[in-house]
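What follows is a short report on a single structure.
The values are calculated or read from the model by the stated rules, or taken from the named source; none is laboratory data. Just so we're clear, the structure is a prediction, and the values are computed from it rather than from any experiment. Using ideal geometry, Cβ is built from the backbone for each residue, glycine included, and neighbour counts are taken over all protein chains shown. Ligands, DNA and RNA are stripped out before the accessible areas are found, and what is left, the full protein with its side chains, is counted by its heavy atoms. Shrake-Rupley method; radii C 1.70, N 1.55, O 1.52, S 1.80 Å.
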Amino acid sequence: MTKILIVEDNELNRDMLRRRLERNGYAVECAVDGPQGIEMAIAGQPDIILMDVALGDMDGWEATLALRGDDRTQNIPVIALTAHALESDRLKSVEVGCVDFETKPVSLPDLIRKIELHAR
């Protein structure tokens, strides 16, 4: 079973995404901010991380850079989640090491396809 870590500070978005992914057979854990997401990634070693880019003190890009810089998490794929479909967001996501990008609200079929493509 594919283990997914969702790093999302909005409770409604986090819960909705969790429920939808669990109904599709994924094991899902959630973090509410970048530091907690990093800790949970190290401890839980998920197959893939869904990272909101607009987090509080440490945004999703900073958290992704921290994950890339740690030997324990550097190979965990990260899909950036953002409310904006701006080209600059896509470029920044690639620059920091995300394997893919999805706008919110997510299209579940598109997100599942990306998860299946990139999960280790």
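Taking the convex hull of the alpha carbon positions in segment 1-78 and averaging its projected area over all directions gives 4.4 nm².
Full extension of the segment from Ala43 to His84, taken as 0.36 nm per residue of separation minus the current Cα-Cα distance, would add 11.7 nm.
Rolling a 1.4 Å probe over the protein heavy atoms gives segment 43-120 an accessible area of 49 Å² per residue.
When every Cα-Cα distance of segment 27-120 is counted in 10 angstrom steps from zero, the calculated P(r) takes the values 17, 55, 27, 1 percent. Computed extension length for Glu11-Arg120: 36.6 nm, one decimal, from 0.36 nm per residue of separation with the Cα-Cα distance subtracted.
Show me 72-79, 57-64 ranked by packing, highest mean number of other Cβ atoms within 10 Å first. Don't skip to the end; give the middle numbers.
Values: 72-79: 18.0, 57-64: 20.4.
Output ranking for 72-79, 57-64: 57-64, 72-79.
Counting charges near Val32 (Lys, Arg +1; Asp, Glu -1) among other residues having Cβ under 11 Å from its Cβ returns a value of -4.
Quickly estimate the mean residue ellipticity at 222 nm for the chain, helices only: each DSSP H run with n ≥ 4 gives -39500 (n - 2.57), and the total goes over all residues, rounded to 500.
-13500 deg cm²/dmol
Among 36-42, 80-86, 19-25, 47-53, the peptide with the highest mean count of other Cβ atoms within 10 Å heads the list, and the full ranking is 47-53, 36-42, 80-86, 19-25. With the simple model of a label 7 Å out from the Cα in the direction of the Cβ, Ser107 to Val94 spans 1.9 nm.
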